[in-house]
Amino acid sequence: MKRIVRQGMLALAAIVLLNSTAVMAQDSEVTDKDLYNFALIMQVIEQMKAEVSPAIQAIIEAQEGFDTNRYSELKSAGDDEAKLRALGANDFEVEFMALIIKEKNEKTDAMKEVLNTTVKALLGAQKYKLIKSTLSVDPDMKAKYQEITERIAPADTGA
């Protein structure tokens with residue numbers, strides 16, 4: 001989790017350095033710079049999300065006596081002991097699922113912290129909400145956003 005927070009904070013620092021001008025007063029107009037900053041924020045969050053599943057899978061693979069198939073069978077119950085027992089989970093599986101859910105929650109909390117920090121630094125909550133809601137109804141803004149995201153997307157390393 002510390003690695004994810006550290007990566008998120010490093011990404012935030014890079015974003016802030018790239019966008020060193022102060023965010024102007026919150027108004028209802030979305031500028032190209034606002035949309036660019038929104039795209040940067042979304043890119044950081046997507047990269048962090050992409051690290052969660054492999055991290056959880058690594059924990060599962062490192063645990064003897066538990067595999068990804070069994071995890072798939074039990075994940076719908078989360079860490080609810082009664083539901084896990086109903087799915088046939090033994091004591092070990094109940095404890096291990098609680099550990100996995102805790103790890104997922106920590107990573108999710110870290111992503112939320114990074115999101116909140118970057119939104120405050122680059123856009124402000126109102127501007128963020130405005131852009132997010134407008135993207136779903138404004139095809140012109142959505143097209144411009146797609147163009148920006150394609151331009152700033154990290155290169156595919158084939159990994």
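Table for the structure above
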item	result
Yes/no for ASP79 being loosely packed, with under 15 Cβ neighbours inside 10 Å and either more than 30 Å from ASP32 (Cβ to Cβ) or of a type in the set (Gly, Ala, Ser) (or both)	no
Residues that are open to solvent by less than 80 Å² (accessible area, probe 1.4 Å) and either of a type in the set (Gly, Ala, Ser) or within 19 Å of the chain's Cα centre (by Cα) (or both), drawn from region 82-102	ALA82, GLY88, ALA89, ALA98, ILE100, ILE101
Matching residues, region 137-159, being among the aliphatic types (A, V, I, L, M), surrounded by 11 or more Cβ atoms within 10 Å (Cβ to Cβ), farther than 20 Å from VAL52 by Cβ and out of contact with any Ser or Thr (no Cβ under 9 Å at 6 or more places or on another chain)	ILE148, ILE152
Qualifying positions in region 60-75 - open to solvent by 50 Å² or more (accessible area, probe 1.4 Å) and either in a helix (DSSP H, G or I) or in contact with a strand residue (DSSP E or B) (Cβ under 9 Å, 6 or more places away or on another chain) (or both)	GLU61, ALA62, THR68, ASN69, SER72, GLU73, LYS75
In region 110-121, the residues that are surrounded by 14 or more Cβ atoms within 10 Å (Cβ to Cβ) and either closer than 17 Å to GLU46 by Cα or under 13 Å from the mean Cα position of the chain (by Cα) (or both)	ALA110, MET111, GLU113, VAL114, LEU115, THR117, THR118, VAL119
Answer from GLN57, GLN47 - the residue that is more than 28 Å from LYS142 (Cα to Cα) and either open to solvent by 40 Å² or more (accessible area, probe 1.4 Å) or not in a helix (DSSP H, G or I) (or both)	GLN57
Positions within region 122-136 being open to solvent by 60 Å² or more (accessible area, probe 1.4 Å) and touching a residue at least 60 places away in the same chain (Cβ under 8 Å), in sequence order	GLN126, LYS132
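The values are calculated or read from the model by the stated rules, or taken from the named source; none is laboratory data. What you are looking at is a predicted structure, and each value in this text was computed from that prediction instead of being measured. Because the Cβ atoms are built from the backbone with ideal geometry, glycine has one as well, and the counts that use them run over all protein chains shown. Note: accessible area is taken over every heavy atom of the protein model, side chains too, but ligands, DNA and RNA are not part of it. Shrake-Rupley method; radii C 1.70, N 1.55, O 1.52, S 1.80 Å.
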